[in-house]
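The values are calculated or read from the model by the stated rules, or taken from the named source; none is laboratory data. Note that this is a predicted model, so its numbers are computed, not measured. FYI the Cβ positions are ideal-geometry reconstructions off the backbone, even for glycines, and counts take in every protein chain you see. The accessibility values were calculated without ligands, DNA or RNA, using every heavy atom of the protein model including side chains. Shrake-Rupley method; radii C 1.70, N 1.55, O 1.52, S 1.80 Å.
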Amino acid sequence: MPDPALNTTVPATKQAGLAFFDHAMNLLQELRRTQAGVIQKAAELCADRIARGGLVFLFGNGHSRMMSEEMTPRQGCYPGFVALVETALSNHAAIIGANGLRAPLYLENYEGYAEQILHGFHFGPNDAFIVISTSGIRPVIVEIAMGAQARGLPVIAIVSKAHCEEAQAAHSSGKKLINCADLIIDNLCPPGDCVLELEGLEWRTGPVSTITGAMIINMIRCAAAEALLARGVKPVILPSHQFVGHTSASEQLEAFYEAYRLSLKHLFE
């Protein structure tokens, strides 16, 4: 873990933007030092499941949804990963009014909602889950993980251990995400996510979970592709949209669409 005594207050001689940059870079170095091993294990698990025709679902509500979409659909992604996005829990378009923050913040604490999401699919024996939540305590997150495990699917958690261990459980079972995961990847975020203290503000700014989370997702993606190739399975890559129009890129895009379609077949049979 990063040194908890690290002073995050910005000195008068240092600009806040540069202070945040330095802190984020330090966290990425710490991520490499402490989490590389478990990230590799997660990638190997994903590759094994995908090689056997399974799917790896990514679920996160609120801001954590972004990590699901960082995996797929994204340039350089490939079939086998599925962003399970429940828009009622993850709408970033508004703060107040219709589709504002109040309803999603309520729903993520509503027990039983996650099971209704899971009921929409016929999961296969080779599927798996990556569940993303910095706090790791909301009932919908806990129940997605519990529901996956109840179906015999392994769960990889991306969570702030510091926040999750410190926070009180919100689910009636007393469980948190760290209690419902087969592999736990620590995104190294402090409780509350933000790392920067500015004189005159009573609350910190500078959230880092997007930075460390996106790094974790891309490390899993790249390592899983390498592991698939080692198994003799060549991933069908989504090419950059900037190249579509060139014959080879257009053909590759169509190949990706078809491969992705076929990968989902067992979910609705």
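Does at least one position in segment 150-161 carry a residue that is outside any loop (DSSP other than H, G, I, E, B) and of a type in the set (Lys, Arg)?
yes
Any idea how many residues of segment 44-79 are more than 26 Å from ARG138 (Cβ to Cβ) and assigned to a helix (DSSP H, G or I)?
5
Mind checking whether some residue in segment 128-136 is in contact with a Gly (Cβ under 7 Å, 6 or more places away or on another chain), in a loop (DSSP other than H, G, I, E, B) and at pLDDT 90 or above?
Yes, the conditions are met somewhere in segment 128-136.
Is it the case that ALA170 is buried (at least 20 other Cβ atoms within 10 Å of the Cβ), out of contact with any Ser or Thr (no Cβ under 6 Å at 6 or more places or on another chain) and either assigned to a loop (DSSP other than H, G, I, E, B) or of a type in the set (Val, Ile, Thr) (or both)?
Spelling it out, it is not the case that ALA170 is buried (at least 20 other Cβ atoms within 10 Å of the Cβ), out of contact with any Ser or Thr (no Cβ under 6 Å at 6 or more places or on another chain) and either assigned to a loop (DSSP other than H, G, I, E, B) or of a type in the set (Val, Ile, Thr) (or both).
Please work out which residue is nearest to ALA157 (Cα to Cα), limiting yourself to segment 99-119 and to residues that are in a loop (DSSP other than H, G, I, E, B) and open to solvent by less than 50 Å² (accessible area, probe 1.4 Å).
The residue in question is GLU108.
For residues that are open to solvent by less than 30 Å² (accessible area, probe 1.4 Å), in contact (Cβ under 8 Å) with a residue 60 or more places away in the chain and assigned to a helix (DSSP H, G or I), tally how many sit in segment 176-217.
Final tally of qualifying residues: 6.
Inspect all residues belonging to segment 247-265 and state whether any of them is under 28 Å from TYR110 (Cα atoms) and either modelled with pLDDT under 95 or part of a loop (DSSP other than H, G, I, E, B) (or both).
no
Quick check on segment 52-98: of everything there that is small (Gly, Ala, Ser) and open to solvent by less than 10 Å² (accessible area, probe 1.4 Å), which residue is nearest to PHE123 (Cα to Cα)?
Looking at residues that are small (Gly, Ala, Ser) and open to solvent by less than 10 Å² (accessible area, probe 1.4 Å), I get GLY54.
Within the set of pairs 6 or more residues apart or between chains, which connect a residue that is within 18 Å of GLN168 (Cα to Cα) inside segment 131-149 to a residue that is surrounded by fewer than 24 Cβ atoms within 10 Å (Cβ to Cβ) and charged (D, E, K, R) with Cβ atoms less than 6 Å apart?
Sorted first by the residue in segment 131-149, then by its partner, the pairs are THR134/ASP193; ARG138/GLU108; PRO139/GLU111; VAL140/GLU108; VAL142/LYS175.
Looking for whichever is closer than 20 Å to ILE144 by Cβ and either over 16 Å from the mean Cα position of the chain (by Cα) or acidic (Asp, Glu) (or both) here; the options are GLY60, GLY54, GLY37. Which one fits?
GLY54
Which of the residues that make up segment 142-155 are among the β-branched types (Val, Ile, Thr) and out of contact with any Lys or Arg (no Cβ under 9 Å at 6 or more places or on another chain)?
If the condition is that a residue be among the β-branched types (Val, Ile, Thr) and out of contact with any Lys or Arg (no Cβ under 9 Å at 6 or more places or on another chain), then ILE144, VAL155 are the ones that fit.
For the structure I just gave you, tell me whether ALA230 is open to solvent by 20 Å² or more (accessible area, probe 1.4 Å) and of a type in the set (A, V, I, L, M).
Considered against the rule, which asks whether it is open to solvent by 20 Å² or more (accessible area, probe 1.4 Å) and of a type in the set (A, V, I, L, M), ALA230 comes out as yes.
What's the total number of residues in segment 218-227 that are more than 18 Å from GLU69 (Cβ to Cβ) and open to solvent by 30 Å² or more (accessible area, probe 1.4 Å)?
Qualifying residue count, segment 218-227: 1.
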